[in-house]
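A.B. asks: The structure that follows is given in the form of C-alpha cells.
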Amino acid sequence: MTTQTASVVTMEEATDKASVTAFVEELLAGTGWEINAVRKRSSKVEPPDWYWTLFDITINKEGEEDRKLRLVAKGALNPEAWERLSARLVRHGAGHPCDPIDGIGYPRLFPETQHAYWFYPYDPSMPGLPAATDPVRMTGLLLGVQDQTADTLEVSRRLRIELVRYVPEVGAILHYTMDTHGAGFNVYGKVQPGNRGLRTSRIVEGLWEASKVYPGYLNLPRPLGFVQDYGLLLEERVKGLPVGGNRLNSEFMLAGPAAADALAVIHESGVQTEETITIENELARLDRVAEQFKYVLPAGHFMLLDLIAHMRDRVRKTEDEEVLPTHGDMKYDQFMHHNGELTLLDFDYFAMAETSYDLGKFCAYLVPSSPRSWQESVAAEEMRVHFLKRYMELRPGATLQRLGVYEALQYALRAMAFMWANSRGWERIAETMLVMGMERLKSRLPE
C-alpha cells in the first residue's frame, strides 16, 4: 500500500476526464459499446481525508439506444483514509465484476493513487439502491405483485425510472411513472443509508397528521409507504417546480410566508425523534471546519476562528432556547410551487433543536452568494424581515435570543460548502459568507 499523502492537485489528475475516459474505454472493450461523451458534473473536497468527483458518461452502440452512466470517483488524501475506504469497499463488493452495462458497476480500486471508481446505482452505503432501480422488481412492488410472472416482465417495460438526484453515500431520489390501462402511477421514492428511510417515514407520517390540525399552514407530500429491504420511502408526486434562486421572482417572495407557516406547525407538532442538534456540537463542528480552512484558505481560517470565539461568547451570555421538533434543512429551495401554493419537501435532517435553528438557516440562505443586481440583495433582506415577523406573529412566545448565533452558524457552513465545492472564485465567496456571519451575529430581531 502506498504511504504517500495525496494532494488535491494529484487527486484531480488521477480522477480527471482523461483518466476516467481511459478507465471506461478499458471497461467497454469487446462489448460493442463506445464512449460518446464524458462530462464532469461536480467535485468536492473534504480535507484532510476525501476528494469526490462525479461524471456523466454517454455511451452508444449500433442498433441500441444511447445510455448514460453515472460514475463516482472517490479519493483518499492520506494513507489512513485510504485504508478505511479500501477496506470498506472490499466489504461491500470491490472485487466483483464492474459491469455497469448488464450488471452492477462494483468498485474498482487503485491503491497507487488512493482512489476508487464505481457506477450508480451501486453505493456502499445504500445496498438496496440497485433493487430500487430495477424495473421488474419495482413493477411488482408498485403493482402489488409478489411473483415475477411473464405478465410482470411485460408490464415492467412500461415503467420509467428517472434519477432525480444522487449524492453518493447520502441518498438518491427516484421518479417512478407508468401510464397503462388500469395500472398507471406517478410516485417518488427516496433511498437512504441504514435506517434513515424508516426514520424519515415515521416523521413524515407524524407531520402529515399535524398538518390536518392546522389546515393550509403546512403542505407536504402524502407518504405512501416504506420498503424496508430497499431503504425506500415512497411519496405521492407533488405538482409544480422547485422555488428557484431568483430573489425577484414571485414564487421566491411566497417562500418566506410559507416557511414561517410551515415552521410554526412543525415546532408545535410534538413529533419526536432521537436525534438532537445542540449548539455545542455545532460549534465543535465549526472548529473542525476551521482546521480544514487552514489547508486551503489561511485568511478564512483566522476569520472563522474569530467568528467562533464571538459565537461562543454570545452563547455563554444567553439562556437556552426551547428545544422543539425541527425541519433541519429549511431553505427556500425545499419548496415546490404550483398555482400559488407551496409544498415543503425533504425531512431527512429532522431533529430536535433550539427554536432558532430552523429560522437561522432559512435566513442565512436567503442571501445570494453572487447577486445579479442590488435589487436581489434588497429583496433578500426584505424577505428575511417578513419571514421573521410572520413567524413571531404565529408564535409570539417563541424563544429567539440565539437567532444571531444560528444565522452566523449557517453562514459559516455556507463558507464550508463553497470550500468543498472547490469552484472558481470560491475563496472570495467564502470570506464574504464569514463577514455576513459576523454581521448577523450582532444584529437584532426586527421590530
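The values are calculated or read from the model by the stated rules, or taken from the named source; none is laboratory data. Model, not experiment: these values are computed from the prediction. Quick reminder, even Gly has a Cβ in these numbers, built from the backbone with ideal geometry, and neighbours come from all protein chains shown. Only protein heavy atoms, including side chains, enter the accessible area calculation; ligands, DNA and RNA are left aside. Shrake-Rupley method; radii C 1.70, N 1.55, O 1.52, S 1.80 Å.
A.B. asks: So what J values fall out for the stretch 36-41 if you push phi through Karplus, 6.51 cos²θ - 1.76 cosθ + 1.60 with θ = phi - 60°, rounded to Hz, Gly and Pro as x?
C.D. replies: For the stretch 36-41, the Karplus-derived couplings read 9, 7, 10, 10, 6, 7 Hz, x marking Gly and Pro.
A.B. asks: Here is a further query. If each residue of separation counts as 0.36 nm, what is the full-extension length gain between Glu154 and Asn246 once their alpha-carbon separation is subtracted? Working shown, then result.
C.D. replies: Numbers: separation 92, 0.36 × 92 = 33.12 nm, distance 4.45 nm.
Taking 0.36 nm per residue and subtracting the Cα distance, the gain is 28.7 nm.
A.B. asks: Using the beta-carbon distance between Ile104 and Leu305 and R0 = 56 Å, what value does 1/(1 + (r/R0)^6) give for FRET efficiency, to the nearest 0.05? Display every interim value, and only then the final one.
C.D. replies: Working: r = 45 Å, r/R0 = 0.81.
Taking R0 as 56 Å, the efficiency between Ile104 and Leu305 is 0.80.
A.B. asks: Enter the accessible area per residue of the chain (Å², integer; probe 1.4 Å; all protein chains in place).
C.D. replies: Values: 21190 Å² over 447 residues.
Per residue, the chain has an accessible area of 47 Å².
A.B. asks: How far, in nm, would the chain grow between Ala87 and Val435 when pulled straight, counting 0.36 nm per residue and subtracting the alpha carbon separation? Before the final figure, lay out each step's value.
C.D. replies: Values: separation 348, 0.36 × 348 = 125.28 nm, distance 4.12 nm.
Contour length minus the Cα-Cα distance gives 121.2 nm.
A.B. asks: Can you give the FRET efficiency to the nearest 0.05 for Leu224 and Arg288, using r as the Cβ-Cβ distance and R₀ = 35 Å?
C.D. replies: Numbers: r = 38 Å, r/R0 = 1.10.
Once the sixth-power term is evaluated, E becomes 0.35.
A.B. asks: Treat each spin label as a single point 7 Å out from the Cα along the C-beta direction, and report the Arg237 to Arg41 distance in nm.
C.D. replies: 2.2
A.B. asks: So which DSSP H runs in the chain come out at 15 Å plus along the axis (Cα) with average Kyte-Doolittle of at least -1.0? Mind dumping the intermediate values first?
C.D. replies: Working: long enough: 17-28 (16 Å, 0.83); 79-91 (18 Å, -0.65); 196-213 (26 Å, -0.34); 250-268 (28 Å, 0.81); 279-296 (26 Å, -0.46); 298-317 (29 Å, -0.13); 374-394 (31 Å, -0.50); 403-421 (27 Å, 0.83); 426-441 (22 Å, 0.14).
Length and hydropathy pass: 17-28, 79-91, 196-213, 250-268, 279-296, 298-317, 374-394, 403-421, 426-441.
A.B. asks: Among (i) 69, 54, 40; (ii) 86, 51, 43; (iii) 70, 59, 41, find the value of Cα extents along the principal axes in Å that was calculated from the structure presented, and write down its label.
C.D. replies: Of the labelled values, this structure produces (iii).
A.B. asks: Relative contact order of the stretch 302-355, please, whole-number percent, based on alpha carbon pairs below 8 angstrom and at least 6 residues apart.
C.D. replies: On the way: 48 pairs, mean separation 21.8, N = 54.
That works out to 40 percent.
A.B. asks: From the helices alone, meaning DSSP H stretches of at least four residues, give me the mean residue ellipticity at 222 nm for the chain, per-run term -39500 (n - 2.57), in deg cm²/dmol to the nearest 500.
C.D. replies: Working: 14 runs with 192 residues, N = 447.
Taken over the chain, the calculation gives -14000 deg cm²/dmol.
A.B. asks: Something else: Convert each backbone phi in the stretch 162-175 into a coupling constant with the Karplus relation 6.51 cos²θ - 1.76 cosθ + 1.60 (shift: θ = phi - 60°), then list the ³J(HN,Hα) values in order as whole Hz, x for Gly and Pro.
C.D. replies: 9, 7, 8, 7, 9, 10, x, 6, 10, x, 9, 10, 10, 10
A.B. asks: Here is a follow-up. Note the full-extension length gain between Arg165 and Glu65 as 0.36 nm times their separation in residues minus their Cα-Cα distance, in nm to one decimal.
C.D. replies: Details: separation 100, 0.36 × 100 = 36.00 nm, distance 2.24 nm.
Going from the current span to full extension adds 33.8 nm.
A.B. asks: Rounded to the nearest 20 debye, what is the charge dipole size of the stretch 170-280 about its Cα centre when +1 sits on each Lys and Arg Cβ and -1 on each Asp and Glu Cβ? Intermediate results must be reported in sequence, preceding the final value.
C.D. replies: Details: 9 positive and 12 negative charges, 50 e Å.
Result for the stretch 170-280 is approximately 240 debye, rounded to the nearest 20.
A.B. asks: For Cα pairs less than 8 Å apart in space and 6+ apart in sequence, what is the mean separation divided by the residue count of the chain, i.e. the relative contact order in percent?
C.D. replies: Working: 796 pairs, mean separation 49.6, N = 447.
Relative contact order of the chain: 11 percent.
A.B. asks: By its C-alpha gyration tensor, with a ≥ b ≥ c as the square roots of the eigenvalues, how is the stretch 240-301 shaped: rounded for a/c under 1.5, else prolate for a/b larger than b/c, else oblate?
C.D. replies: Working: a/c = 3.67, a/b = 1.38, b/c = 2.66.
Note, shape of the stretch 240-301 comes out oblate.
A.B. asks: Which links in Lys74/Lys361; Lys44/Lys190; Lys389/Lys442; Lys17/Lys68; Lys74/Lys190; Lys40/Lys361 stretch past 21 Å when you go from one Cα to the other? Could you put the intermediate results ahead of the total?
C.D. replies: On the way: Lys74/Lys361 29 Å; Lys44/Lys190 23 Å; Lys389/Lys442 18 Å; Lys17/Lys68 16 Å; Lys74/Lys190 23 Å; Lys40/Lys361 30 Å.
Pairs exceeding 21 Å: Lys74/Lys361; Lys44/Lys190; Lys74/Lys190; Lys40/Lys361.
A.B. asks: Amide H of Leu69 versus every other amide H placed in the peptide plane: which residues, excluding those fewer than 5 positions away on the same chain, fall under 5 Å?
C.D. replies: Counting only residues 5 or more places away or on other chains, the set is Ile57, Thr58, Ile59.
A.B. asks: Sticking with this one: For the ranges 256-262, 327-333, 397-403, what's the packing order if you count other beta-carbon atoms within 10 Å of each residue, average per peptide, and put the highest first?
C.D. replies: On the way: 256-262: 23.1, 327-333: 20.7, 397-403: 17.7.
Top of the packing list down: 256-262, 327-333, 397-403.
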